[in-house]
Every structure is written in C-alpha cells, then in structure tokens.
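S.K.: For reference, the structure I am asking about is given below.
Nothing in this text is a laboratory measurement; each read-out follows from the coordinates by a stated rule. Given the structure is predicted, the values throughout are model-derived calculations rather than measurements. A quick note on method: Cβ atoms are made from the backbone with ideal geometry, for glycine too, and the neighbour counts reach across all protein chains shown.
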Amino acid sequence: MSFEWLKRRFHVRGVFWRELQDWAVINLPFFIEPFQMAVWALIFFLVARRERMAVIQNLRMIHPGTSRIAVWFRAYRVFWNFSWTTTDTARFKLTGKTMDWDFDGIEYFHQLVAIRTGAIMLTAHMGNYDLGASLFSQKGGRTITVIRAPESDPETQQYVEQKVDLTGGFRVGYSQSDSMLGIDLVHAIQNQEIVAIQGDRLVPGISTIESSLFSHRTLLPSGPFALALATGAAIFPLFVVRMGRRRYRLVHRPPFYCKRTGPDRARDFREATSRWISVLEESVEAYSYQWFVFEPFAATEPPVAK
Amino acid sequence: MQSRKLARWSPERFHLAFSRLVALAWLRLKWAERNQPAFGSASFSFDREQMAIEAYTVSVVWVTFMAASLTCLTSQSTNPLLTALNFILQVLVLVVATPLLMALVSITLRAWRYTGPDSASTSRIQSFVFFVVAGMTAVVLIIENSCRWLAVIWLTLNVINALSALILWLFRNRVRAVEEFLRQCLPED
C-alpha cells in the first residue's frame, strides 16, 4: 500500500468513490439519500478544484453577465445533479430499478424505434445519458452500441467495465485514439443497429472538427459525422434530462443527415455540425445545470485531422 | 405510450404505511379519473421508494427530530436566539456528520465492496438502526424530562404509521387490486 496507490485510489476520479457509491446505493435507507447527495456534492465541489473551475468557466460562457455568486451556485448545482445521476445509474445497474420517464418530441422517438436501417443517436454529457441508452435498448427492442470516453484512472475504468450492463442488446465501446472502433461502428450500422455517441466532449487524440459554441471556438469530435457520411445513417439528437428525484425526460429533436452533396466534403461536415451545434446550444442553455463537462469547452489547441 | 395519470399515485410507489394509506385515500377521491390518459407520454416506475415527496419529507422529519432532540439535550440557555443557533448547528452536524460517519464505518469494515446482484442488502437493517436511534433519543428525552412534547410527537407519528400498516393489512386484497389495476396502465412499449 504505497503512497502513490493511496493517492490514485482516493483521487476525485479514483475507483474508491465508485465503490463507496455502489455500497451506498445497495445499503443506505432511502431517506438518507437527499442530504447524502447535498453533502457529497459539496465535498467534491470544494475538493475538485480543476473540475470546479472548468465548470465555472463553461457556465460563464453559456450565461455571460452572471454574477460571481450565481455562477458558483450554478456550478454547485452541476455537481449536485451529477451526484444524483451517477447514483441513479448505479441503482439501475445494481438493482434493476428504473425511473419515471416522460418524453419531449415522442414522434422522433417512435421514428427512431421504427427505422429499419441503422441510426446514430447523437447525445451530450447531459443528465443521465448512460441510463437513457440502456433503457432505450430495453424499451425500443433495438441493439444499441454506446460510445463513451474512457475513465482517466485505469482502476476506475476496469471497475466500470466490470459493472457495465450488457443485457438486452446493450454494448459499450470506448473512444480511444488507437482503436479500430470506427470500422466496428460502420458494421453495427450496416447491421441495423443504433450507435449512441456523445458529440460534445473530446478524448485527447481523436479526430476533431472546429466549430463555434456559444460564440467561442471549440473542437467537437468529428466521428459521428464521419460515420453518418460513410453509412448514410440519420442522426437523431437526444438528451436525457433529470427532472427531479428519480425522474427523467427524454428530449428528442428532429433527425438530420450528413450526406455527400458534392466534391467538398468539408462543407457537408460543416452543415451537419452547424445543425448539431444549434440543437446542442439550445439544450445546453436550457439545462446548463446538468451539462457534465468538467473541462473547459473553449478550445486553445489546433484541430486534429485524421 | 400513454400512461394513466393516476398510476403515479399507486400505493406501491410509497415506502411507509402511512404514505401508502394517504395515497390510497387520494386514489379513492380521484378514482373517477382512472381511465383518463396522462397528458403527453410518460412511463412510471413501480418501486416502493419512488416518490420524491415522501423521501424528502421523511428525510426532513428525521433530521429535524434528531437536531431538535440534540438541541433539547445540550441547550443550557433559555435565550430563544441561542437555542435557534444551537438547533441550526445540530442540523449541520447531523447532515454533514452522518454521511461521513457512515463512510468511515464502511471504510473501516471494508464493507463497501459490492459483490454482485445477489449480495445481501443491509438497507433494511440500516433503516431499522436509524429509527432505533431516533426511538432511543425519544426515550432519553422522556427520562431527562426535557422537551417531552418532541418525544410525544415522534412516538405519535410511529403509532400512526403502525395503525396505517394495520389498516392496509386489513384491506390488503383491495389494495392489491388497486395496485394491479394501476400497474396495468403502464405500457410496455
């Protein structure tokens, strides 16, 4: 038990906190939960300085002109909502208990369920994206492959992989710079499966596309659009928003395509990206208190082309 | 995907017997609306710890009772302002100390490791411990003769819950029928 081991284990992104959360989900009485959330969210809000400052910076760009106190309160609210959503995900995976759901834009949900070809579900790190995808595969009766960013701590990543729910046609892939994931995803879409990708946060090393979010230069993953271009699949924007204790809303927006219209591939990319950006901005502005991006979204580095 | 609005108030979505009885009384009042679909589309979870209003109420009642009891037992002052400050302090101590204490105990016992879906949940035992602690506090309040009214309120609430459980048991078939009807309102697709 070296100092390095302890440091890694008890780091804010360390595996210990996942284990403790799972223990709490299984063992603690329900009436302890509300103030557990408030306290643990506050502890992490105070301890995780880098993440806190990133959230504050993002919120200032989303809501310019907000007072210092208001932005701190909003940042705490992000951490508090994150505590609830990760706990709800853990409860679903460990006990199978579902939540209350309602729908915004149900006609697009029906369209996605009914579509006979493969499709791309483009989502953001908002609310309970993990639980949403898992429930979708159960309720919609479709095989779904969820692509997510790997955990920064290897032990946490190992723990998450062990706990992932692989029942009911639900698969998980990790976006890594050196993987052959793209080919697998093309095959998945050709097999009429649904691929869920988060289009708002970057994993270092993956290919990017330059864009503008809330009038700030940002880099978005180009993977979803490249996949849509290669397969001709429709892109369905979907956000899973927390509406209260164990209550969520599936926010569906109209689907769009990223199709080759001429020799200028970059222009097709830009058009699809701007559609996504307008949907993303609308949702992030409305639900900024549960946009779980713990790094600054404004880009300082040049885009990565692949 | 049209769930019925009343399904939200199914007794099986509540934990305490008293809450379940209140939900049943509410359903009886609104039973004429039982076949109306909800506005929009919704899907409800039939879990006994689902209702937010119950979870928050029980949480607040437990913390308030414990903090008020500790205030009664520790307050030497008759000044209402000092007593109010002491109460706020006790609330903060309880709210912050309980999660930390439980985390510390779980770390010490290395009991936080989740061992699989069949691992025995101790939530009922933990829940029992929380209420035993509250019950013992009420007994101490009565023995110490300080704030007996507080102990009486707590014990009365527990008696009401026990009576509710008895009423629910007597009408168990009817309760089950109502729950079953509302469960069928939940679409599978």
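S.K.: Taking every DSSP beta bridge that has both residues in the range A:3-290, what percent is antiparallel when rounded to the nearest 5?
M.R.: Here the antiparallel bridges make up roughly 35 percent for the range A:3-290.
S.K.: Compute the long axis of helix A:15-27 from its Cα atoms, compare it with the longest principal axis of the Cα atoms of chain A, and write down the angle in degrees, 0 to 90, nearest 10.
M.R.: 70 degrees
S.K.: Rounded to whole Hz and in sequence order, give me ³J(HN,Hα) for the range A:113-127 from the Karplus expression 6.51 cos²θ - 1.76 cosθ + 1.60, θ = phi - 60°, writing x for Gly and Pro.
M.R.: 5, 7, 4, 8, 9, x, 8, 10, 9, 9, 10, 10, 6, 9, x
S.K.: Using a 7 Å offset from Cα along Cα-Cβ at residue A:184, what residues in the range A:115-159 end up with backbone N under 11 Å from the label point?
M.R.: It comes to A:145-148, nothing else.
S.K.: Under the definition of partner shielding as Cβ atoms of other protein chains within 10 Å of a residue Cβ, what is the mean value for peptide A:97-105?
M.R.: For peptide A:97-105, the averaged partner shielding equals 6.
S.K.: Please report the Cα spread of the protein assembly as shown along all three principal axes, rounded to whole Å, starting with the longest.
M.R.: On the principal axes, the protein assembly as shown reaches 87, 58, 46 Å in Cα extent.
S.K.: Collect residues whose amide H, placed 1.01 Å from N in the peptide plane, falls under 5 Å from the amide H of residue A:294; neighbours closer than 5 in sequence don't count.
M.R.: Excluding prolines and chain starts, which carry no amide H, there are no hits.
S.K.: Using DSSP, restrict attention to beta bridges with both residues in the protein assembly as shown and report what percent are antiparallel, rounded to the nearest 5.
M.R.: Here the share of antiparallel DSSP bridges comes out near 45 percent.
S.K.: Go ahead and estimate [θ] at 222 nm for the protein assembly as shown from helices alone: -39,500 (n - 2.57) per DSSP H run with n ≥ 4, summed, over the residue count, rounded to 500.
M.R.: One gets -18500 deg cm²/dmol as the mean residue ellipticity at 222 nm.
S.K.: Taking chain A as a Gaussian network, Cα atoms linked when under 10 Å apart, which of A:237, A:34, A:254 shows the biggest mean-square fluctuation?
M.R.: A:34
S.K.: Work out how much length residue B:124 to residue B:177 would gain on full extension: take 0.36 nm times their residue separation and subtract the Cα-Cα distance, in nm to one decimal.
M.R.: Roughly 16.5 nm would be gained on extension.
S.K.: So how much slack lies between residue A:295 and residue A:115, counting 0.36 nm per residue of separation and subtracting their Cα-Cα distance, in nm?
M.R.: Additional length available on full extension: 61.3 nm.
S.K.: Per residue of B:54-63, count partner chain C-beta atoms within 10 Å of its C-beta, then hand back the mean as an integer.
M.R.: That average works out to 4.
S.K.: While we're on this one: What FRET efficiency would be calculated for the residue pair residue B:163, residue B:143, taking the C-beta separation as r and a Förster radius of 35 Å, to the nearest 0.05?
M.R.: Given R0 = 35 Å and the Cβ-Cβ separation, E is 0.85.
S.K.: How far is helix A:49-62 tilted, in degrees, relative to the longest principal axis of the Cα atoms in chain A, given as a value from 0 to 90 rounded to the nearest 10?
M.R.: Helix A:49-62 sits roughly 50 degrees off the main axis of chain A.
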